[in-house]
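See below for the structure under consideration.
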Amino acid sequence: MLPVSNPTSPERLLKKLRTPDTTTDTDRKSSFNSLSSIGNSPVNRSSYISSSRSHCTWLILSLLSLQLILFVTLRSIPFPHRHSPANFPSPAVSVSISDEPLSTRIRPEPDISGRCDSGRVFVYDMPKIFNEVILQQCDNLNPWSSRCDALSNDGFGREATSLKGVIPDGLVPSWFWTDQFVSEIIFHNRILNHRCRTSDPESATAFYIPFYAGLAVGQYLWSNYAAADRDRHCKMMTEWVRDQPYWNRSNGWDHFMTMGRITWDFRRTRDDDWGSNCIYIPGMRNITRLLIERNSWDHFDVGVPYPTGFHPRSDSDVLDWQDFVRNRRRETLFCFAGAPRAGIEHDFRGILLRHCEESRGACRTVDCTGGRCSNGSSAILETFLGSDFCLQPRGDSFTRRSIFDCMIAGSIPVFFWRRTAYMQYQWFLPNEPDSYSVYIDRNEVKNGTTSIREVLERYSKEDVRRMRERVIDLIPNLVYSKSPNGLETFKDAFDVAVDGVFRRFKEQENWYKWR
């Protein structure tokens, strides 16, 4: 267990990495206090005032002389003409693991076409301890192995070159072995390049907090770490952000952030329970949180798609992939990929695996026991590409990444819990669940009164074609583009999420604020 007073603890690193602005403010406060104490001293106060007036006179004359010299000198220097965009920040900070100097990364030109009518976003320039330093410690973010490969390529992970032969060759460069917990990196990189990003907080509709809460807490979830270790980064973040004037202006209601794990990893109520208490820390209540799984009864939790392996570089990648999955020959009625939970009585995954085995060729399974479905295997993608339907029970929590792997492959998801998707991803999925999915009561499957095969066989070929076409139409909204500026005309999951945040904040401004 790491002691709270560890010399390399986040608190000490934050003090060491404190930004120049913060240091300057501290120095100014010290200077101001020093001048005040001198001015208020009863000793030689009149002589001090007389001396100060004399010094001020000489200082003013010196400054005027210096300005005159500079004016005459600079007029003779032929500077080239450059058009500096108004309301635009300095070169972007890169959040990927790279030796390239941060100042060399260029931000996009500001929007001048009126496409930012829905709002503008201001991104906090936070101390690096909240994001970049966490990435640099990728060897220590997991108690079992290094996570550096998983976090490489701006969070997309290793290139999935082994998929050659499974998918069209031209689309292989758009596939990566992407980890399911990297949305914080993806969102941060994309929002730094957002066309509606502003350097003027007064003009901002939304304020983004680039804190890697999921990566920060991940290393402390196991190995018997203390509650203080699991809470430390988030506590520091809330203390920092609450010192910002624009957080205090609104009490945080127009702020948002990405938290790359499920909401339950941040909702610990007792010290000896799982996870951190991040969401319950004062200052977090009004912040909109983009999570891969939300608490369906918390207004400030928003569910966003799990990152998958497909990251299109352009509109043409999306169209080519849609054509590929649309025309794919599917020889199996339904499939299931997952591992049974040996320690759980009446484990539903185990029931589904047995159900598939008894379906005599109508169902294809991928038993993920022993990590056989980890990143780097094409077995799951091939299974989804070859099946009309894919069974999607709840995972370790209510949701699972497999939902999105299935739909991107053009397979129709079959749900057994409404909280697995219908109450999670309202910004990304249609309001008519029957248009793209099937729902079967899990209790009827458990007690044997419903056969999954019989339910799915009732759908005609035309029904299946129509539902698959709806799934294929949704693909752009469920993936995260590889391009730092997004796709040309399609909106990907990042675009849908940010548009939703803008819409929410404009509505909230009129009718909903915490006091």
Could you please state, rounded to a whole Å, how far the C-alpha centre of the range 137-154 is from the C-alpha centre of the range 425-500?
31 Å
Using amide H atoms built 1.01 Å from N in the peptide plane, name the residues 5+ places from residue 197, or on other chains, whose amide H lies under 5 Å from its own.
121
Calculated on alpha-carbon atoms, Rg and Dmax of the range 314-370 in Å
16.0, 47
With a 1.4 Å probe and all protein chains left in place, how much accessible area per residue does the range 315-478 have, in Å²?
45 Å²
Evaluate the charge dipole of the range 202-271 about its Cα centre and quote only its size in Debye, nearest 20, assuming +1 on the Cβ of each Lys and Arg and -1 on the Cβ of each Asp and Glu.
240 debye
Checked the range 114-175 with the C-alpha gyration tensor, a ≥ b ≥ c its square-rooted eigenvalues, rounded below a/c of 1.5, otherwise prolate if a/b is larger than b/c and oblate if not; verdict oblate
Determine which aspartates and glutamates satisfy two conditions relative to residue 446: a Cα distance under 13 Å, and not lying fewer than 8 residues away in the same chain.
345, 347
Hey, got the dipole for the range 315-478? About the Cα centre, +1 on K and R Cβ, -1 on D and E Cβ, debye to the nearest 20?
300 debye
Computed on Cα atoms, Rg of the range 245-374 relative to 2.2 N^0.38 Å comes out at 1.50
Simple SL model, points at 7 angstrom along Cα→Cβ for residue 329 and residue 503; separation in nm is 4.1 nm
Given 25 °C and 0.890 mPa s, compute D for the range 443-515 with the Stokes-Einstein relation, Rh being the Kirkwood radius over Cα pairs; round to the nearest whole µm²/s.
150 µm²/s
Cleavage-rule hits (trypsin sites (Lys or Arg not before Pro)) in the range 368-474: DSSP loop, at most 10 neighbouring Cβ within 10 angstrom:
458
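The values are calculated or read from the model by the stated rules, or taken from the named source; none is laboratory data. Please read these numbers as outputs of a predicted model, since none were measured by experiment. Note: ideal-geometry Cβ built from the backbone for every residue, glycine included; neighbour counts use all protein chains shown. Ligands, DNA and RNA are stripped out before the accessible areas are found, and what is left, the full protein with its side chains, is counted by its heavy atoms. Shrake-Rupley method; radii C 1.70, N 1.55, O 1.52, S 1.80 Å.
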